[in-house]
Amino acid sequence: MLAGRSLDRRLVESAALLHDVDKLPKVRPTVADLAHGAGSAEWLARRGYPELGEAIAGHPVTRLADGHWFDRWFATASPEALVVSYADKRVGQQLESMADRFASWERRYPPEARTREARGRWTPETLAAVRQRAEALEARVCEFAGVAPAEVRRLAWTGRALHLTRET
Ligand SMILES: [Fe+2]
C-alpha cells in the first residue's frame, strides 16, 4: 500500500524485468517501427501481456525531454508506471542515486556526441528540464512509498537472482 493507494507488486516486478525487452536483437526487428519502451509494450501485448504496457512505455529517460508528453503522463500514470520509471532512473548495474545515474548518462552521451539517441542532442536547458522532471518523479514515488530517496533498496530476492544470472 502506497499513501493509501494499492500497488500491484507483481505487475511492477514483471514490468521492471521486461521493460527493456525491445533492446534484444531478436525482438528489436519485430517492433522496429516503435520507440524504445513502446516496442517492449507491443511485443508483450502480442504475447498476451497487454497489462504490462502502461507500466513500461513511459520508462525511457528520453521521455523526460518532452515536456508536453511528460506533463500528461505524470498526471495520469499509474503508481506501477511511476515506480518502474523511477527504478530506471536509479539502477544501472547497481542501485545508485539519481545524480550518479545522470552523471553516468552524461559521460556516455555527452551533449557534443552525435548518436541516434535523442539524449545525445540534449542542450543544457533540456538536460536541466530532464533532471527537474526526474526529481519530480522521485519526489512523488518516494512520497507514495513513505521513504526518502536514500532509503530506497533493492528487494531481497533480486541480489540472489542477479547472482544466478551472472553464473549462467
Ligand atoms: Fe530502457
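Listed values, structure above:
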item	result
The chain: relative contact order as a whole-number percent, Cα under 8 Å and 6+ apart	20
Euclidean distance of C-alpha centroids, region 56-78 and region 117-168, integer Å	14
Segment residue 153-residue 103, extension gain: residue separation times 0.36 nm, minus the distance between their alpha carbons	16.0 nm
Spacing of the two label points (7 Å from each Cα toward its C-beta) at residue 13 and residue 91, in nm	1.1
Against the rule of thumb 2.2 N^0.38 Å, how large the Cα Rg of region 9-167 comes out	1.03
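Each reported figure results from applying straightforward, stated rules to the coordinates on display, with no laboratory input. If you're wondering where the values come from, they're calculated on a predicted model, not measured in any experiment. We place every Cβ from the backbone using ideal geometry, glycine too, and count neighbours over all the protein chains shown.
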